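A.B. asks: The following block contains the structure, expressed as structure tokens.
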Amino acid sequence: MTTIDIPGYRSGTWTLDPAHSEVTFSVRHMMISKVRGTFGMKSATLVAPENPLEAQVQASVDVTSIDTKDEGRDGHLRSADFFDTETFPTMEFVSTGARVQDGDFFVDGDLTIRGVTKPVSFEFEFGGFGQDPYGNYKAGASASTTINREEFGLTWNAALETGGVLVGKDVTITLDLQGSLQQD
């Protein structure tokens, strides 16, 4: 069985620290620039056995918390044209496996947006491990993936007079995470 050595890694159940974690995204706007935004993390749990490649992750993101620094745009993104947050208030991720490929660490899983579930792969970068002043053992990591938003039912768009469309198809999702190892 394949395994990976991550210095400082400890097995157990890890929970997300929402105050030190963030989900961001970026998408092309008018095909000339990028719009960036954030979502609030609702919850995330990592059950980590001795072998990190056998870890299991479940995470939930509060889609109603979307913030692109433009209230009008945020309202439109919450509407049925995009996320339909009244019907689908969360985005969910459930891992299906982890792997090392060409020296990089990936977590594969099923991402559900707007009731549509598709497989995705997040490339992870471990930030490290350490103990906080209160005796809690912490871990930090960043991860990213790019999805085609139209595959998740986010198909609204507008044609531009100069050619192209208002909103790009590819969305980059970036996670900056910190979690705590649960005390027994």
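A.B. asks: Could you identify which residue out of 84, 67, 104 has the top mean-square fluctuation in a GNM of the chain using Cα springs shorter than 10 Å?
C.D. replies: Of the options given, 104 has the highest mean-square fluctuation.
A.B. asks: Convert each backbone phi in region 50-56 into a coupling constant with the Karplus relation 6.51 cos²θ - 1.76 cosθ + 1.60 (shift: θ = phi - 60°), then list the ³J(HN,Hα) values in order as whole Hz, x for Gly and Pro.
C.D. replies: 4, 8, x, 6, 9, 5, 10
A.B. asks: Please report, for the Cα atoms of region 13-181, the Rg to one decimal and the Dmax as a whole number; what are they, in angstrom?
C.D. replies: Over region 13-181's Cα set, Rg and Dmax evaluate to 17.0, 59 Å.
A.B. asks: Now for a different question. For residue 120, what charge total do you get from the other residues with a beta carbon under 13 Å from its beta carbon, if Lys and Arg give +1 and Asp and Glu give -1?
C.D. replies: Within the 13 Å Cβ shell, the charges total -4.
A.B. asks: Moving on. Sequence gap at least 6, Cα distance under 8 Å: using those rules, report the relative contact order of the chain to the nearest whole percent.
C.D. replies: Relative contact order comes out at 25 percent.
A.B. asks: State to the nearest 20 debye the size of the charge dipole of the chain about its Cα centre, where the only charges are +1 on K and R beta carbons and -1 on D and E beta carbons.
C.D. replies: Dipole size: approximately 260 debye.
A.B. asks: Fully extended, how many nm does the chain gain between residue 13 and residue 160 (0.36 nm per residue separation, minus their Cα-Cα distance)?
C.D. replies: Once the chain is fully extended between residue 13 and residue 160, it gains 48.0 nm.
A.B. asks: Now, a different point. How charged is the neighbourhood of residue 18? Take every other residue with its Cβ under 13 Å from the Cβ of residue 18, and add Lys/Arg as +1 and Asp/Glu as -1. Before the final figure, lay out the partial values.
C.D. replies: Details: positive: 42; negative: 17, 22, 62, 176.
My count for the surroundings of residue 18 gives -3.
A.B. asks: Would any residue of region 68-111 have its amide N under 19 Å from a label point 7 Å out along Cα→Cβ of residue 4? List them or say none.
C.D. replies: Counting backbone N atoms under 19 Å from the label point, the list is 93-111.
A.B. asks: Tell me, which longest segment in the chain has none of the trypsin sites (Lys or Arg not before Pro) that fall in DSSP loops with at most 12 further Cβ atoms within 10 Å?
C.D. replies: Longest stretch, sites excluded: 70-184.
A.B. asks: Now for a different question. Per the helix-only calculation at 222 nm, which mean residue ellipticity applies to the chain, given -39500 (n - 2.57) for every DSSP H run of n ≥ 4 and division by its residues, nearest 500 deg cm²/dmol?
C.D. replies: Only helices count here, giving -1000 deg cm²/dmol.
A.B. asks: Suppose we flag chymotrypsin sites (Phe, Trp or Tyr not before Pro) only when DSSP calls them loop and at most 16 other Cβ atoms lie within 10 Å. Which is the longest uninterrupted stretch of the chain?
C.D. replies: Result for the longest clean stretch: 10-133.
A.B. asks: For region 65-80, in order, what is each residue's ³J(HN,Hα) by Karplus, 6.51 cos²θ - 1.76 cosθ + 1.60 with θ = phi - 60°, in whole Hz (x at glycine and Pro)?
C.D. replies: For region 65-80, the Karplus curve yields 8, 3, 9, 10, 6, 8, 4, x, 5, 4, x, 5, 5, 6, 6, 5 Hz.
Quick note: the coordinates plus some simple rules give every number you see, no bench work behind them. Keep in mind it's a predicted model, so treat the numbers as computed, not measured. With ideal geometry, Cβ positions are generated from the backbone for all residues, glycine too; neighbour counts draw on all protein chains shown.
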